[in-house]
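S.K.: This is the structure I have questions about; it appears just below.
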Amino acid sequence: MARASNSLSVPVCRGCSKAFDEDDFYYVAKGEYVPYCKECCESLILNEFDELDINKFFNLLKSIDKPFFYSVWKDVLSDGEPYFGNYIKRLVKENKFSQTFSDSDTVDNNSDLKEDNELLEKWGVSNLEDVAFLEKEYHEWETSYEIDSKAMVDSVKQLCLVELDIRRARNKNDVQALDKLLRIKSQILGDANLKPVQETGNAANEQVSIGMLIKKFEQEEPIPEDTTPDWIDEMKIWIVGQLARMEGLQSDVTDDFNKELSKYGIDLEEELGDE
C-alpha cells in the first residue's frame, strides 16, 4: 500500500485519523502522500476566522517539501476553494510539482511577495483580502483628517483593525462581540478626538485636512456651474457653419451659425424705416 509522507507508522490522517485512501490524500512522490487528508489540508491553511492564511499555507508546503510560488498562490486566490487542492493541480499543470521547498519564492527573490509581505506585517494580518480592506479604510481616514503624528497614525490603524473585526462579527451574527467592538471603536474615536461631535472643535483649531476643506466648500459654498460657452462648440459653429454655408448645405450647425452671425449684422429694413 502507498504510504503517507514523512514515514507515518500508521496509514491514517495526522489531523482527523481518517484511514488512508488514495482518493482522500494528495500524492507527493514515489508512492508517498501528504500526511493529512484533503479535508484537513484545507482546514490547516485557514486562520481562526476561517480565512486563507498565507503563513499556514507556506508552512504546510514546507512540511511536505513542496515549493511556494507566489504567482501560483495569487492564481489560486482567484480559483477559490479547494485552495490547497487547486495549488497542487497548478503545480502539476505548470510542471513545477517535482521541485522542492528550497526552490520557493521568498521576499529576497520576488518583489511582489516582498511588497505584499510588508503590507501583511504592517497590519499584523495574514490575509491579502484583509490588507485590501484595511488599506482602503486607512485611505478614507487619510483623506478626511490630518494624520500628522505617530499617535494619530496608531489610532487610525487601530480603528481600521477594529472595523475589520466589526465586519467579521456582523458576518457571524455575533451580537455580543459586535457590541464590545462598537464600544472599543467609540473609545478610540474619543481618545483621538475623531468623534463627529468633535469635528467642529477640530475645525475651529484648524485641524482639518485638504479633504475636509473640500467637503466643507462643497457643502457650504459649492462652485457654480460654468455658463461660459465651450470654445470647441463655438469654433465648430463659426468654422463648420461657414464652410457649410459656402457649400450651400443646411444643418443645425448652419442654423446656429446664422443665429450667431445675426448678432453682428444690420437689419436694413429696420434702419431705412427709422429714416
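The values are calculated or read from the model by the stated rules, or taken from the named source; none is laboratory data. Bear in mind the structure is a predicted one, so any value in this text is a computation, not a measurement. Every residue, glycine as well, gets a Cβ built from its backbone with ideal geometry; the counts of neighbours run over all protein chains shown.
S.K.: Taking Asn86 and the conditions (1) at pLDDT 90 or above; (2) under 24 Å from Leu119 (Cα atoms), which numbered condition does it fall short on, given that it satisfies the others?
M.R.: Unmet for Asn86, out of (1) at pLDDT 90 or above; (2) under 24 Å from Leu119 (Cα atoms): (2).
S.K.: Which of the residues belonging to region 39-60 are in contact with a Phe, Trp or Tyr (Cβ under 8 Å, 6 or more places away or on another chain) and closer than 18 Å to Asn109 by Cα?
M.R.: Taking region 39-60 and keeping what is in contact with a Phe, Trp or Tyr (Cβ under 8 Å, 6 or more places away or on another chain), we get 41-42, 44-45, 52, 54, 57-58, 60.
Across region 39-60, the qualifying residues are Ile54, Phe58.
S.K.: Within region 10-58, can you find the residues that are in a helix (DSSP H, G or I), among the acidic types (Asp, Glu) and in contact with a helix residue (DSSP H, G or I) (Cβ under 8 Å, 6 or more places away or on another chain)?
M.R.: So in region 10-58, the residues in a helix (DSSP H, G or I) come out as 22-24, 38-44, 54-58.
Applying the additional criterion that residues be among the acidic types (Asp, Glu) yields 22-24, 39, 42.
Once the filter is applied, which keeps residues that are in a helix (DSSP H, G or I), among the acidic types (Asp, Glu) and in contact with a helix residue (DSSP H, G or I) (Cβ under 8 Å, 6 or more places away or on another chain), region 10-58 yields Asp24, Glu39, Glu42.
S.K.: Determine if region 187-196 includes at least one residue that is outside any loop (DSSP other than H, G, I, E, B), of a type in the set (S, T, N, Q), under 30 Å from Met152 (Cα atoms) and modelled with pLDDT of 70 or more.
M.R.: So the first thing to find is which residues in region 187-196 are outside any loop (DSSP other than H, G, I, E, B), and the list is 187-191, 196.
Remaining after also requiring of a type in the set (S, T, N, Q): 187.
The next check asks that each one be under 30 Å from Met152 (Cα atoms); those that pass are 187.
Still in the list and also modelled with pLDDT of 70 or more: 187.
Scanning region 187-196 turns up at least one residue that is outside any loop (DSSP other than H, G, I, E, B), of a type in the set (S, T, N, Q), under 30 Å from Met152 (Cα atoms) and modelled with pLDDT of 70 or more.
S.K.: Return the only residue of Ser126, Ser102 being in contact with an Asp or Glu (Cβ under 7 Å, 6 or more places away or on another chain) and among the small types (Gly, Ala, Ser). First the steps, then the outcome.
M.R.: Numbers: Ser102 fails: in contact with an Asp or Glu (Cβ under 7 Å, 6 or more places away or on another chain).
Matching residue, one of Ser126, Ser102: Ser126.
S.K.: Sort out which residues of region 118-136 are in a helix (DSSP H, G or I) and either among the acidic types (Asp, Glu) or at pLDDT below 90 (or both), and write them in order of number. Please lay out each step first, then the result.
M.R.: Of all residues in region 118-136, those in a helix (DSSP H, G or I) come to 118-123, 128-136.
Scanning region 118-136 gives Glu118, Glu121, Leu128, Glu129, Asp130, Glu135.
S.K.: Do we have any residue at all in region 170-178 that's touching a helix residue (DSSP H, G or I) at 6+ places or on another chain (Cβ under 9 Å), aliphatic (A, V, I, L, M) and outside any helix (DSSP H, G or I)?
M.R.: The answer is no, given that none of the residues of region 170-178 is touching a helix residue (DSSP H, G or I) at 6+ places or on another chain (Cβ under 9 Å), aliphatic (A, V, I, L, M) and outside any helix (DSSP H, G or I).
S.K.: Which of the residues spanning region 39-77 are touching a residue at least 40 places away in the same chain (Cβ under 8 Å) and buried (at least 20 other Cβ atoms within 10 Å of the Cβ)?
M.R.: Cys41, Leu52, Ile54, Leu61, Ile64, Tyr70
Each row is one residue, and each column tells you yes or no for (1) touching a residue at least 40 places away in the same chain (Cβ under 8 Å); (2) assigned by TED's automatic domain parsing to the domain that holds Cys13; (3) farther than 27 Å from Phe25 by Cβ; (4) within 25 Å of the chain's Cα centre (by Cα).
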site	(1), (2), (3), (4)
Asp79	no, yes, no, yes
Pro82	yes, yes, no, yes
Glu115	no, no, yes, yes
Phe133	no, no, yes, yes
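S.K.: Additional query: If a residue has to be out of contact with any Leu (no Cβ under 9 Å at 6 or more places or on another chain) and under 24 Å from Leu77 (Cβ atoms) to count, how many in region 141-167 make the cut?
M.R.: Summing the residues that are out of contact with any Leu (no Cβ under 9 Å at 6 or more places or on another chain) and under 24 Å from Leu77 (Cβ atoms) in region 141-167 gives 1.
S.K.: Next up: Taking the condition surrounded by 14 or more Cβ atoms within 10 Å (Cβ to Cβ) and acidic (Asp, Glu), does Glu146 pass? Break it down into steps so the answer makes sense when it comes.
M.R.: Values: surrounded by 14 or more Cβ atoms within 10 Å (Cβ to Cβ): yes; acidic (Asp, Glu): yes.
In short, yes.
S.K.: Moving on to the next point. Filter region 65-91 down to the residues that are under 23 Å from Lys18 (Cβ atoms) and out of contact with any helix residue (DSSP H, G or I) (no Cβ under 8 Å at 6 or more places or on another chain) and list them by number. Spell out how you get there, then give the answer.
M.R.: Residues of region 65-91 under 23 Å from Lys18 (Cβ atoms): 65-66, 81-89.
Within region 65-91, Ile88, Lys89 meet the criteria.
S.K.: If you don't mind, another one. Determine which single condition His139 fails, assuming it passes every other condition in (1) over 16 Å from the mean Cα position of the chain (by Cα); (2) modelled with pLDDT of 90 or more.
M.R.: With respect to (1) over 16 Å from the mean Cα position of the chain (by Cα); (2) modelled with pLDDT of 90 or more, His139 is out only on (1).
S.K.: Now for a separate question. When residues of region 59-114 are filtered for being of a type in the set (Asp, Glu) and either assigned to a helix (DSSP H, G or I) or in contact with a strand residue (DSSP E or B) (Cβ under 6 Å, 6 or more places away or on another chain) (or both), how many remain? I'd like the intermediate steps shown before the answer.
M.R.: Keep residues of region 59-114 that are of a type in the set (Asp, Glu), which gives 65, 75, 79, 81, 94, 103, 105, 108, 112.
If we keep only those that are either assigned to a helix (DSSP H, G or I) or in contact with a strand residue (DSSP E or B) (Cβ under 6 Å, 6 or more places away or on another chain) (or both) as well, we get 75, 79, 103, 112.
Of the residues in that region, 4 qualify.
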